[in-house]
1. Largest first, how would 33, 125, 114, 22 line up by accessible area (1.4 Å probe)?
2. Under 5 Å between amide H atoms, partner at least 5 residues away or on a different chain: which partners does residue 53 have, H built in plane at 1.01 Å?
3. Taking the Kirkwood radius as the inverse of the mean 1/r across Cα pairs, report the Rg/Rh of the range 30-176.
4. Please work out the Cα convex hull volume for the range 1-103 and give it in Å³ per residue.
5. How would you order 62-69, 151-158 from highest to lowest mean count of nearby Cβ atoms within 10 Å?
6. Any lysines with Cα under 23 Å of the residue 173 Cα? List them, leaving off those in the same chain fewer than 8 positions away.
7. Name the residues whose placed amide hydrogens come within less than 5 Å of the amide hydrogen of residue 102, ignoring near sequence neighbours (fewer than 5 apart) on the same chain.
8. Would you mind telling me which residue in 52, 112, 38 has the biggest mean-square fluctuation in a Gaussian network model of the chain, where springs connect alpha carbons within a distance under 10 angstrom?
Amino acid sequence: YIDTARGLLVVDTASRKAAEDFASHLRATLGSFPGMPINAEVAPRAVLTSWIAGESLPQAMELGEEAELRDPMDGGAVARVQRQELGSVEVGEHLAAGKQVTRLGLVLGDHISFTLGDDLVVRKFKLLDGALDTLQDVEGEGRQLELDAMAALLVGEVGQLFDLLERAFRISKAEG
């Protein structure tokens, strides 16, 4: 979908190349489509690493239970942790050894969980009960109304997530 208020094109893919291909097809279809991939003005690895090291996360955001940490040297060691407290001693030892966070599991309130990569691609996006509880009871009202309500919910949750990430990573705005 296209969020005109935020100047954002959202594509349901974990592949940055697939999203860029989609934008190219959209550009060819429309004749023009000013846009660029999301770009942070701060180093995403540094921000993700600082969060796991204990610095404050954006409002309503919490650490999940998954991370990937890499040695910044080419061919360096990689540590992946799942279903683990990210503030644990074991994860702290990886940080002390110089590893940097390249993927981090996060939770936004009780509404969404996701994994954020140092490429700023959101993966494993999942609506949680807190978000689903906000849906009006549309049973018996028809499938189209149910789909419309789910689409509105997704757009709202993704928009809120983007606003938080935009501030945390100082995402560049496209000129135009």
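The values are calculated or read from the model by the stated rules, or taken from the named source; none is laboratory data. Quantities reported herein were computed from a predicted structural model and do not represent experimental measurements. In this analysis, Cβ positions are derived from the backbone assuming ideal geometry, glycine residues included, and neighbour counts consider all displayed protein chains. To get the accessible areas, we keep the full protein, side chains included, count just its heavy atoms, and leave off ligands, DNA and RNA. Shrake-Rupley method; radii C 1.70, N 1.55, O 1.52, S 1.80 Å.
1. Numbers: 33 40, 125 75, 114 5, 22 100 Å².
Of 33, 125, 114, 22, the descending order of accessible area is 22, 125, 33, 114.
2. Counting only residues 5 or more places away or on other chains, the set is empty.
3. Working: Rg = 17.9 Å, Rh = 17.1 Å.
Taking Rh as the inverse mean 1/r over Cα pairs, Rg/Rh reads 1.05.
4. Working: hull volume 15.2 nm³, N = 103.
Output value, Cα hull per residue: 148 Å³.
5. Working: 62-69: 19.1, 151-158: 15.4.
Answer by packing, highest mean first, reads 62-69, 151-158.
6. Straight-line reach from residue 173, under 23 Å: 17.
7. Long-range HN contacts for residue 102: 68, 69, 70.
8. 38
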